[in-house]
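Presented below is the structure to which this report refers.
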Amino acid sequence: QEHMTSGANCQTFTSSTVISYSNLGDGPKVYQETSEMRSAPGGIRETRRTVRDSDSGLEQMSIGHHIRERAHIMQRSRNHRTGDQEERQDYINMDESDAAAFDDEWRRETSRFRPQRGLDYRRHEGS
């Protein structure tokens, strides 16, 4: 797989989900965790992770944008039991002051890999 992802035109998507359910004790308890990663040539990656835990009341989501060794990771969490909310941003191999330029570079780099609108074939009337 590593050889495949190093190709000049290779894009990958991976996803995993874990769900645990228990109906012992004080009613049903559900734990769900999902992780996704999309990658494109040039060291471009997007990571997403969500966690929901009915036992603790925690809901958490994070999205990471990576360009080679640099990354901007945004995380939000909320606890339904306590009402606590938290929002956090981590910067890897860059400063917070570089965030706007990094986000612009991210949009520019990823726009090359978004699906383009298909050609619109129309029948021409007349001669």
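Within segment 60-80, restricting attention to residues that are among the basic types (Lys, Arg) and within 15 Å of Ser39 (Cα to Cα), which residue is most open to solvent (accessible area, probe 1.4 Å)?
Arg68
Looking only at segment 32-44, how many residues end up being modelled with pLDDT of 95 or more and either part of a loop (DSSP other than H, G, I, E, B) or not hydrophobic (A, V, I, L, M, F, W, C) (or both)? Number satisfying all stated conditions: 5. For segment 90-108, the condition of being modelled with pLDDT of 90 or more, surrounded by fewer than 10 Cβ atoms within 10 Å (Cβ to Cβ) and in a loop (DSSP other than H, G, I, E, B) holds for at least one residue.
The values are calculated or read from the model by the stated rules, or taken from the named source; none is laboratory data. What you see is a predicted model; the values in this text were computed from it and never measured. Quick reminder, even Gly has a Cβ in these numbers, built from the backbone with ideal geometry, and neighbours come from all protein chains shown. Just the protein is used for accessible areas: all its heavy atoms, side chains included, with ligands, DNA and RNA removed. Shrake-Rupley method; radii C 1.70, N 1.55, O 1.52, S 1.80 Å.
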